[in-house]
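Q: Sending over a structure as structure tokens; questions will come in a sec.
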Amino acid sequence: MKEFIQSLPKVELHLHIEGTLEPELMFKLAERNKLTLPFASISEVRNAYNFHNLQSFLDIYYQGAEVLLHEQDFFDLTWAYLLRCREDNVIHTEVFFDPQTHTVRGISFDVVVNGIHRALCKAEKELNITSQLIMCFLRHLDEEAAFETLASAQHHKDKIIGVGLDSSELGHPPEKFERVFKLALEQGFLTVAHAGEEGPASNIHEALELLKITRVDHGVRCSEDEMLVEHLIDKRIPLTVCPLSNIKLKVFQEMSEHNIVNLMRKGLCVTINSDDPAYFGGYMTDNFLAVHDAHPMTSAELAQFTFNAIEASFISEQAKTKLRAMTQDYLS
Ligand code: ADE
Ligand code: ZN
């Protein structure tokens, strides 16, 4: 089954590009940009990746991103991720980026988006990997900062398909960003949001109602509200679930307790994703393997995650048909 999973066509819908910064590249960029890291070695960095909740991860993750200064840095980061996609047979990916993590340090929005976008275009041409780009607002920052970020995105509407909401969920409910999301929707952006990762199921309700999201990032705490689960099933509202992330951040103590396979078997449109693979111990194949290890599945069930992700993706019907055919070919 390992070979089947490795070669299975995959579609990733929940991936923070800043979360793909491997310690090796962190050191390389620090040297290139003449910065001193608070770590003496690569193994010291990896040893620091012991998290007890979302915030303990975010603190180290924002610190790591400080080595990204120039357009070439954002290109190199994204290209390295896309090469990993090729290894895992990821055929389409929808990438999050956090402009505010960089603009607060004086890096221009254009530098960030242009570097990432250049790598995504190269991958489409050279690796046959298609993509979309989603800009996230940091929810621990205020509404005004999110409005400013949305204004910066106006020159890049050709590159950005949607807006999302990430960072610390507790204490920063969806309601805080209702007005920014309303404007983003009016401007033609699709909307998604992290909800029900550390926060309660009510955050999922609120994000659906107030932010008009078309899919829920994480959403695993929906299980605490049976009516909500029925609603997600009925309306085919997708969840972008990140199994290894959920274990690393103690959303579930063990993979055997994770609800993803149960939700899939109930008919919910759940997908498997890697979130911040450089920090959580694995890319797409690793996530599939970890879930399968704890909850053995048939090959049809494993492929269902790809079919769900194709359905949930932000691409044309024609592109979806093509990806479905590629997956079907692999199965037959
Ligand atoms: N930013 C990067 N990864 C995240 C996660 N898992 N939850 C919230 N914000 C994030
Ligand atoms: Zn995430």
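The values are calculated or read from the model by the stated rules, or taken from the named source; none is laboratory data. Just so it is clear, the structure is predicted and the values come from calculations on it, not from any experiment. Here the Cβ positions follow ideal geometry from the backbone for every residue, glycine too, while neighbour counts run over all protein chains shown.
Q: Could you tell me which residue of segment 93-137 is nearest to ligand 2 (Cβ to nearest atom), considering only residues that are hydroxyl-bearing (Ser, Thr, Tyr) and under 21 Å from residue 271 (Cβ atoms)?
A: 93
Residues are listed down the side, and each one gets a yes or a no for (1) crowded, with 17+ Cβ neighbours inside 10 Å; (2) within 16 Å of ligand 2 (Cβ to nearest atom); (3) on the phi > 0 side of the Ramachandran plot:
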position	(1), (2), (3)
21	yes, yes, no
24	no, no, no
57	yes, yes, no
85	yes, no, no
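Q: Could you grab me the full set of residues in segment 234-274 that are away from ligand 1 (no atom under 13 Å from the Cβ), in a helix (DSSP H, G or I) and over 21 Å from residue 191 (Cβ atoms)? Give the derivation first.
A: Applying the first criterion (away from ligand 1 (no atom under 13 Å from the Cβ)) to segment 234-274 yields 234-239, 252-272.
Checking which are in a helix (DSSP H, G or I) leaves us with 234, 255-257, 260-265.
Residues satisfying the conditions are 255, 256, 257, 260, 261, 262, 263, 264, 265.
Q: When the residues of segment 190-213 are filtered to those that are touching a residue at least 40 places away in the same chain (Cβ under 8 Å) and in a loop (DSSP other than H, G, I, E, B), which remaining residue is farthest from ligand 1 (Cβ to nearest atom)?
A: Per the stated criteria, the residue is 198.
Q: Moving on to the next point. Could you check residue 198 against (1) within 20 Å of residue 162 (Cβ to Cβ); (2) within 16 Å of ligand 2 (Cβ to nearest atom) and say which number it fails?
A: (1)
Q: Among what's in segment 266-285 and is more than 16 Å from ligand 2 (Cβ to nearest atom) and on the phi < 0 side of the Ramachandran plot, pick the residue that is surrounded by the fewest Cβ atoms within 10 Å (Cβ to Cβ).
A: Here the residue is 266.
Q: For segment 71-78, state whether one or more residues are without any contact (Cβ under 8 Å) to a residue 12 or more places away in the chain and surrounded by fewer than 18 Cβ atoms within 10 Å (Cβ to Cβ). Write out each step before concluding.
A: Of all residues in segment 71-78, those without any contact (Cβ under 8 Å) to a residue 12 or more places away in the chain come to none.
No, because not a single residue in segment 71-78 is without any contact (Cβ under 8 Å) to a residue 12 or more places away in the chain and surrounded by fewer than 18 Cβ atoms within 10 Å (Cβ to Cβ).
Q: Does any residue in segment 156-168 that is on the phi > 0 side of the Ramachandran plot come within less than 7 Å, Cβ to Cβ, of a residue that is within 16 Å of ligand 1 (Cβ to nearest atom) and at pLDDT 95 or above six or more places away or on a different chain, and which pairs are these?
A: Listed by first residue and then by second, the contacts come to 167/58; 167/138; 167/139; 167/140.
Q: Before we move on, is residue 320 under 20 Å from the mean Cα position of the chain (by Cα) and among the basic types (Lys, Arg)?
A: Yes: the conditions hold for residue 320.
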